[in-house]
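For reference, the structure is listed below as structure tokens.
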Amino acid sequence: MKYLDEFRDPELARKLFAEIEALARRHWVIMEVCGGQTHSIIRNGIDQLLTDKIELIHGPGCPVCVTPLEIIDRALAIASLPNVIFCSFGDMLRVPGSEKDLFRVKSEGGDVRIVYSPLDALKIAQENPDKEVVFFGIGFETTAPANAMAVYQARQLGIKNFSMLVSHVLVPPAIEAIMSSKSNRVQGFLAAGHVCSVMGYWQYEPLARKFNVPIVVTGFEPLDVLEGIRRLVIQLEEGRAEVENAYPRAVRRQGNVPAQKMLEEVFVLCDRKWRGIGEIPASGWELSEAFREFDASLRFPVGNIHTQESPLCRSGEVLQGIIKPNQCPAFGKECTPRKPLGATMVSSEGACAAYYRYGRFAS
Ligand code: SF4
């Protein structure tokens, strides 16, 4: 397939593996922040084909995985209300809350619908003026512009029966939290190309300086990932800590400026709890004062939420790169994609799901 096959060329991949092997003179620990990159690494066996010199740690970049349990439970409570049509991307439906998931709410009679865009939810609101339509607005900076646009349009069109349950998270504060952790082992980052296509990569430059850590903006195909690793190894061996763009076909330093303007208008920074990790200051977006009338968490006061994680799940350690998914005792036993105990086993971008899908049962 054009534009994909050239980034999956086995000959070029072999050359890049050989180059990385020759460049690395010692052991380096590299984190890919994005779940899409984790999936590509496991699917293509990149981590297995690299020698012990390069250790890849799978970071907290799957938005489904890090959405806090309190928000999932709030979504379940709102979706169970009688007059509500609850719209979500499909991968949120199986994410386990404290007691059930959105599929269960649907089977119990809740009107839960899968949509492919927040603008679809807006259309449903227009078609059902006697119902309250709620969209589950989660994700990193990548999905945020479309969500911001949906809320903006709702206001422009005067659609009063639309609201959004917002739980956006941001990559730079997560990198800051990882690098500030006493248990941190990460020496270089592959930054997510799609996030940078929206936000640019200027935000990463102070982080690279502050923590003396190289960051390479990287795509998702096997050659993209290998090129990102190659560039990181060169920097690490030379003792440099700079931000480099290895994904220029999609990313510019300044990013998508009109999208950033829309985000600034609709959202404001907030502290955000990350599932399995805890609260990270100024690591999320919530609706700004001007758009707060569309905030589903204010429109539907669903009472006190008491969360209960599975005591078996160690996804917090997986998300911080402290253990690999197959080192969790429940992996492939009590916890499978059909019966996930934690969010990292649900989403196709989750590290536990990727390990399970590609048969990584031995650590
Ligand atoms: S395998 Fe399942 S129980 Fe273990 S960390 Fe992953 S999601 Fe949690």
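Throughout, read-outs are computed from the coordinates displayed, never taken from laboratory work. These numbers were taken from a predicted model, which means no experiment stands behind them. Backbone-built Cβ (ideal geometry, glycine too); neighbour counts: all protein chains shown.
Miscellaneous remarks
- Using the empirical formula 2.2 N^0.38 Å as the baseline, the Cα radius of gyration of the stretch 99-147 reaches a ratio of 1.28.
- Computed from the alpha carbon atoms alone, the convex hull of the stretch 43-85 holds 96 Å³ per residue.
- For the stretch 250-322, a Kirkwood hydrodynamic radius built from all Cα pairs, placed in the Stokes-Einstein relation at 25 °C and 0.890 mPa s, yields a translational diffusion coefficient of 158 µm²/s.
- Dipole in debye (nearest 20) - the stretch 12-94, about Cα centre, beta carbon charges: Lys, Arg +1; Asp, Glu -1: 220
- Stretchable slack from LYS339 to VAL29, in nm (0.36 nm times residue separation minus alpha-carbon distance): 108.4 nm
- Among CYS328, CYS34, CYS62, residue whose mean-square fluctuation peaks in a GNM of the chain (springs only between Cα atoms under 10 Å): CYS328
- Computed on the Cα atoms alone, the convex hull of the chain gives a volume of 140 cubic angstrom per residue.
- Dividing the convex hull volume of the alpha carbon atoms of the stretch 56-183 by its residue count gives 117 Å³ per residue.
- Highest-MSF residue in the chain out of ARG275, ARG25, ARG252 [GNM, Cα springs under 10 Å]: ARG25
- Modelled spin-label separation between LEU4 and LYS182, with each label point placed 7 Å from Cα along the Cα-to-Cβ direction: 4.6 nm.
- Debye log10 I(q)/I(0) at q = 0.10, 0.17, 0.20, 0.24 Å⁻¹ for the stretch 1-101, Cα point scatterers: -0.48, -0.87, -1.03, -1.28
- Ranking GLN327, GLY316, ILE57 by Cα position along the charge dipole of the chain, where only Lys, Arg, Asp and Glu carry charges on their C-beta atoms, puts GLN327 farthest toward the positive end.
- The Rg/Rh ratio of the stretch 286-342, with Rg taken over Cα atoms and Rh as the Kirkwood radius over Cα pairs, comes to 1.21.
- Footprinting exposure proxy ranking of TYR3, TYR358, fewest other C-beta atoms within 10 angstrom first, gives TYR3, TYR358.
- A cysteine counts as unpartnered when no other cysteine's C-beta lies under 4.7 Å of its own; in the chain this applies to CYS34, CYS87, CYS196, CYS270, CYS313, CYS328, CYS335, CYS352.
- Eigenvalues of the alpha-carbon gyration tensor of the stretch 20-64, scaled by 5 and square-rooted, set the equivalent ellipsoid semi-axes at 21, 12, 6 angstrom, largest first.
- Using Cβ point charges alone (K and R +1, D and E -1), the dipole size of the stretch 114-269 about the Cα centre works out to roughly 240 debye.
- Helical runs (DSSP H, four residues minimum) scored at -39500 (n - 2.57) apiece and divided by the length of the chain put the mean residue ellipticity at 222 nm at -10500 deg cm²/dmol.
- For the chain, with +1 on Lys and Arg beta carbons and -1 on Asp and Glu, the positive-most of PHE89, TYR355, THR307 along the dipole: TYR355
- Built amide H within the under 5 Å cut-off of ILE57, gap 5+: ILE30, MET31, GLU32
- Its Cα centre serving as origin, the chain has a Cβ charge dipole (Lys and Arg +1, Asp and Glu -1) of approximately 440 debye.
- Across LEU232, LEU81, LEU102, mean-square fluctuation computed from a Gaussian network of the chain (C-alpha pairs under 10 Å connected) peaks at LEU81.
- Evaluated at q = 0.16, 0.17, 0.18 Å⁻¹: base-10 log I(q)/I(0), Debye formula over Cα of the stretch 171-304: -0.91, -0.99, -1.07
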